[in-house]
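What follows is a set of notes on a single structure, which appears directly below.
Read-outs throughout are calculated quantities, based only on the coordinates presented, and are distinct from any laboratory measurement. In this text, all values refer to a predicted model and were calculated from it rather than measured experimentally. Reconstructed Cβ throughout: ideal geometry from the backbone, glycine too, with neighbour counts over all protein chains shown.
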Amino acid sequence: MDRSGPPDGGRQAVEGALLAAGGHREAEKLLVGSRGIGPWTANYVLLRCLRFPTALPIEDVGLHNAIKLLLGMDRKPTVEEIREPAKPWAGWESYATFYLWRALY
């Protein structure tokens, strides 16, 4: 059994379906619909590979650590506590995520 993955045409079909999905939320749903892919993985793929500016891996530990550090919190923020400060990032969540990750270095 060949486990090398889909041929290039298959990969292009998947990428095409994601890009044609009509937006970040639709592409995220397509990815999460695949076995073994959860919201974090879906948003990471949309952020890093497909460069969706609205992708936000809100469950990301690094994101939580950066917000904790920058806000001087004594604990990691909850997902709900991240949603409020993330509102001004609307449309640019991926860029905000990259900057927050960078704060950890």
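Couple of notes before you dig in:
- Amide H contacts of ALA55 (H built 1.01 Å from N, under 5 Å, at least 5 apart or other chain): SER94
- Calculated [θ] (222 nm, deg cm²/dmol) that DSSP helices of n ≥ 4 give over the chain, each run adding -39,500 (n - 2.57): -15500 deg cm²/dmol
- Computed over the Cα atoms of region 61-102, pair by distinct pair, the Kirkwood hydrodynamic radius stands at 10.4 angstrom.
- Computed from Cα atoms, the angle from the helix 8-19 axis to the main principal axis of the chain rounds to 50 degrees.
- Here the dipole of the chain is about 100 debye; that uses its Cα centre as origin and unit charges on the Cβ of Lys and Arg (positive) and Asp and Glu (negative).
- Here the mean projected area of the convex hull built on the C-alpha positions of the chain is 8.1 nm².
- Between ALA21 and any residue 5 or more places off or on another chain, the built amide H atoms are never under 5 Å apart.
- For region 18-48, the list of trypsin sites (Lys or Arg not before Pro) that fall in a loop by DSSP and count at most 10 other C-beta atoms within 10 angstrom reads ARG35.
- Mean separation of Cα contacts under 8 Å, 6 or more apart, over the residue count of the chain: relative contact order %: 21
- Dipole of the chain [Lys/Arg +1, Asp/Glu -1 at C-beta], most positive-end residue of LEU104, GLY38, ALA86: LEU104
- One chain, two ends: ILE37 and LYS87. Fully extended at 0.36 nm per residue, the span grows by 15.5 nm beyond their Cα-Cα distance.
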